[in-house]
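All remarks here apply to the structure that follows.
Just so it is clear, none of the values below were taken in a lab; they were calculated from the coordinates. What you see is a predicted model, and the numbers here were worked out from it, not measured in a lab. Methodologically, a virtual Cβ is constructed for each residue, glycine included, from the backbone with ideal geometry; neighbour enumeration extends over all protein chains shown.
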Amino acid sequence: MRLENKIVLITAAASGMGRAGVLRFAAEGAQVAAVDIDQASLDAVVKEVTDAGGSATGICADLTQDTDCHRIVDDTVAAFGGLDLLWNHVGHPGPSSVEGIDPDDYEIAMDLNVRSVFWTTGRAIPELRKRGGGSILFTASIAGLIGSPFSPVYSAAKWGVNGMMASLAGRLAADNIRVNSVCPGPIDTPMLKVFMGRPDQETDREANQAMMEKLTPLGRVGRPEEIANAALFLLSDEASFITGVALPVDGGFVSK
């Protein structure tokens with residue numbers, strides 16, 4: 001098993017890519033702390049893991065709150081006795097325009113995409129050091145590599161996430177802590193519908209998604225499991241000489 005005896009914390013873990021990660025990591029032997037604001041969905045994914053003989057615990061948290069960003073690390077350590085791997089997966093699409101946006105919409109997008117990740121990672125680093133090192137993964141986006149016309153706030157946030165990742169990769173290398181980002185393209189999750197069809201966009205969701213599929217060399221949107229597989233590789237010892245990388249998982253979108 002690729003993650004046997006590893007303790008991993010995953011945020012936004014009750015649906016989409018995060019949920020796929022919980023199931024995949026547990027199947028590979030990890031003890032998984034799954035974090036989400038949706039208690040019912042969290043309970044469901046934890047039950048699926050435990051029914052299959054895996055190990056997982058659910059931690060309900062609101063990651064717009066700094067205290068919860070710290071608490072999820074503390075609760076993971078209390079549940080499993082330490083922390084080896086952190087997948088900062090939480091995110092928010094934000095508004096699709098710049099002009100005339102509600103400041104509250106901007107704040108929640110930046111809080112979830114950047115601020116929460118900063119606080120959670122800061123709390124986790126000492127725990128990783130106690131274990132002799134580990135691995136940190138951020139979910140960024142291709143919007144943090146090439147920019148998205150649909151999502152200027154999201155692009156700004158995810159460029160920031162990739163910058164944080166690159167900085168920490170250099171800073172933490174001496175502690176045997178690797179830091180990378182996975183950068184999804186369009187993935188078949190509930191959030192994709194939000195990206196493709198927000199009220200302030202001039203075109204409809206179906207047209208936007210069809211355009212994205214046409215521009216993707218592989219000709220389709222991705223599956224949550226495909227992001228979970230990439231995350232598994234980057235967090236595992238199989239990627240032991242990889243740090244500071246923002247890996248596109250996008251069907252070739254950014255290669256054009």
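Under a plain spin-label model, where a point goes 7 Å from the Cα along Cα-to-Cβ, how far apart in nm are Asn229 and Ile146?
Going from the Asn229 label point to the Ile146 one covers 2.1 nm.
Return the Cα extents of the stretch 120-160 along principal axes one, two and three, sorted largest first, each rounded to a whole Å.
43, 14, 9
Calculate, in nm to one decimal, what Ala78 and Asp237 gain on full extension: separation in residues at 0.36 nm each, minus their alpha carbon distance.
Length gained, Ala78 through Asp237: 54.8 nm.
Please list 11-24, 127-140 highest first by mean number of surrounding beta-carbon atoms within 10 Å per residue.
11-24, 127-140
How many nm separate the modelled label positions at Asp66 and Ser41, each set 7 Å beyond the Cα in the direction of the Cβ?
Going from the Asp66 label point to the Ser41 one covers 2.8 nm.
With all distinct Cα pairs included, what does the Kirkwood hydrodynamic radius of the chain come out to in Å, to one decimal, could you say?
It is 18.2 Å.
Would you please put 52-61, 112-121 in order of how densely packed they are, using the mean number of other Cβ atoms within 10 angstrom per residue and starting with the highest?
Listed from highest to lowest mean packing, they are 112-121, 52-61.
Give the total of Lys-Lys pairs in the chain with Cα-Cα distances below 25 Å; include a pair only if its members are 8 or more places apart or on different chains.
Numbers: Lys6/Lys47; Lys6/Lys130; Lys158/Lys193; Lys158/Lys214; Lys158/Lys256; Lys193/Lys214; Lys193/Lys256; Lys214/Lys256.
Pairs that pass both the separation and distance tests number 8.
Find the Cα radius of gyration of the stretch 5-81, compare it with 2.2 N^0.38 Å by division, and give the number to two decimals.
0.98
How do Glu28, Glu238 line up, fewest other C-beta atoms within 10 Å first? Intermediate values should be presented prior to the final figure.
Working: Glu28 18, Glu238 11.
Ranking Glu28, Glu238 by Cβ neighbours within 10 Å, fewest first, gives Glu238, Glu28.
Take the Cβ-Cβ distance between Ala210 and Ile101 as r, set R0 to 35 Å, and report the resulting FRET efficiency rounded to the nearest 0.05.
After rounding, the FRET efficiency stands at 0.85.
Just report the Cα centroid separation between the stretch 223-245 and the stretch 1-46, whole Å.
Each part reduced to its Cα centre gives a spacing of 15 Å.
On a 0 to 90° scale, report how tilted helix 39-51 is relative to the longest principal axis of the chain, with both axes built from alpha carbons and the result rounded to the nearest 10.
Helix 39-51 sits roughly 50 degrees off the main axis of the chain.
Take the alpha carbon gyration tensor of the stretch 59-174, find the square roots of its eigenvalues, order them as a ≥ b ≥ c, and report rounded if a/c is under 1.5; if not, report prolate when a/b exceeds b/c, else oblate.
Cα axes put the stretch 59-174 in the oblate bin.
May I ask for the angle, rounded to the nearest 10°, between helix 66-80 and the longest principal axis of the chain, with both axes built from Cα atoms and the value confined to 0 to 90°?
That helix lies at roughly 40 degrees to the long axis.
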